[in-house]
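Values in this text are rule-based calculations from the coordinates and carry no lab data. Since this is a predicted model, take the numbers as computed values, not measurements. Because the Cβ atoms are built from the backbone with ideal geometry, glycine has one as well, and the counts that use them run over all protein chains shown.
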Amino acid sequence: MIVNYFVTATRAIRNDSQHFFLNLIGLSIGLAAAILMALFAQHELSYDKQHPDSERVYLGHTDYTAVGLQVISISSFKLAEKIKNNSQIEDIFRLVNTWKLDKE
């Protein structure tokens, strides 16, 4: 029975090869997009899981997409201190690029 399916598939590929390759390319692009989205979602959900209290860690930043920019900038330490003083945030820390440490 399965041999009949293969014979029918090869005849269809031979008769209409352009349609077959168009469908194959569409399926390949769709699968690649789905895999990339799944990998992106997994990466975003695994952010900062190495910390002991990872469910209590939040990333604070300034988002400029509302004014049309596609850049998310690094937040300042002054802004983080202001947020800490006016909310229930327990502690803050800031990451700095190592090339900035050499110049200071």
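Applying the Karplus relation 6.51 cos²θ - 1.76 cosθ + 1.60 with θ = phi - 60° to segment 9-26 yields 3J(HN,Hα) values of 5, 5, 5, 5, 5, 5, 6, 9, 6, 5, 5, 4, 5, 5, 5, 5, 5, x Hz, where x marks Gly and Pro.
Spacing of the modelled spin labels on Gln18 and Lys82, each 7 Å from Cα toward Cβ, amounts to 6.3 nm.
Using the alpha carbons alone, the radius of gyration of segment 1-46 stands to its Kirkwood radius in an Rg to Rh ratio of 1.29.
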